[in-house]
Amino acid sequence: DDGSFRDAITSQPWGTANGIPGQPADGDYDNDGLSNLEEYALGKSPTAASQPAGTLSGNTITFTKGGAAIANGDVSWVIETSTTLAAGSWTAEVTQSAGDSTPTIAYTFTPGTPAKKFARLKVVLTTP
């Protein structure tokens with residue numbers, strides 16, 4: 001992979017429409033901690049700080065998926081959990097494949113089991 005497909009999200013039309021043509025998918029144009037790919041996948045602005053990426057209500061963490069990414073069917077979303085945050089300790093809990101038109105992805109923690117559990121969202125740009 002030469003990176004050209006990964007960078008395609010920042011070219012026509014999403015990148016241009018959002019003021020970041022030619023920026024790398026793994027870059028963070030607005031320095032808010034979300035990569036340009038994550039901004040695309042979550043429907044956030046890549047030119048203005050846009051945290052938080054998700055919301056926690058009770059024991060459920062929810063991420064709203066971006067309309068362009070849903071319509072283009074080129075992103076998969078995975079909520080992973082870990083009890084340690086260590087590399088290699090993350091487990092996929094919920095996966096929504098590219099083309100899944102569900103507007104959100106969510107995971108519900110089971111209270112007390114284990115006592116400490118972390119979650120993160122992983123987004124993957126898929127090949128057309």
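The values are calculated or read from the model by the stated rules, or taken from the named source; none is laboratory data. Quick caveat: nothing in here was measured; it's all calculated off a predicted structure. Because the Cβ atoms are built from the backbone with ideal geometry, glycine has one as well, and the counts that use them run over all protein chains shown. All accessible areas refer to the heavy atoms of the entire protein, side chains included, with ligands and DNA or RNA removed. Shrake-Rupley method; radii C 1.70, N 1.55, O 1.52, S 1.80 Å.
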task = Over the Cα atoms of the chain, compute the convex hull volume and normalise it per residue, giving Å³.
result = 110
inquiry  = Please compute the contact order of segment 78-123 in relative form: average sequence separation of alpha-carbon pairs under 8 Å and at least six residues apart, divided by the residue count, as a percent.
reply    = 53
query = Ranked from the most accessible area to the least, with a 1.4 Å probe and all protein chains present, what is the order of Lys117, Lys65, Lys122?
reply = Lys122, Lys117, Lys65
message = Can you tell me the length gained on complete extension of the stretch Thr84 to Ser45, counting 0.36 nm per residue apart and subtracting the Cα distance?
response = 11.0 nm
key: Pairwise FRET efficiency - Leu56 versus Asp100, Cβ, R0 = 30 Å, nearest 0.05   = 0.85
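Would you mind getting the accessible area per residue of segment 15-128, heavy atoms of the protein chains only, 1.4 Å probe, in Å²? Mind dumping the intermediate values first?
Values: 5900 Å² over 114 residues.
Heavy-atom SASA per residue in segment 15-128 reads 52 Å².
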remark   = Non-local residues with an amide H under 5 Å from the amide H of Glu93, with H modelled 1.01 Å from N and Pro and chain starts lacking one, are Ile79, Glu80, Thr81
ask   = Among Pro114, Pro21, Pro46, which one moves the most in a GNM of the chain with springs linking Cα atoms closer than 10 Å?
value = Pro114
inquiry  = Please enumerate, by chain and number, the lysines with C-alpha under 24 Å from the C-alpha of Lys44, excluding those fewer than 8 residues away in the same chain.
reply    = Lys65, Lys122
query = When the helix-only estimate is applied to the chain (DSSP H runs of n ≥ 4, each -39,500 (n - 2.57), divided by the residue count), what is the mean residue ellipticity at 222 nm, nearest 500 deg cm²/dmol?
reply = -3000 deg cm²/dmol
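Note down the relative contact order for segment 1-124 as a percent, whole number, built from C-alpha pairs under 8 angstrom at least six residues apart. It would help to have the intermediate numbers written out before the result.
Details: 222 pairs, mean separation 24.6, N = 124.
Value for segment 1-124: 20 percent.
On full extension of the chain, what length is gained from Glu93 through Arg120, given 0.36 nm per residue of separation minus the C-alpha to C-alpha distance?
Working: separation 27, 0.36 × 27 = 9.72 nm, distance 1.01 nm.
Computed gain between Glu93 and Arg120 is 8.7 nm.
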inquiry  = Of Ala17, Ala48, Thr108, which is farthest towards the positive pole of the chain's charge dipole, taken about the Cα centre with +1 and -1 on the beta-carbons of Lys, Arg and Asp, Glu respectively?
reply    = Thr108
key: Sulfur and carbon atoms: percent of accessible area, the chain [1.4 Å]   = 52
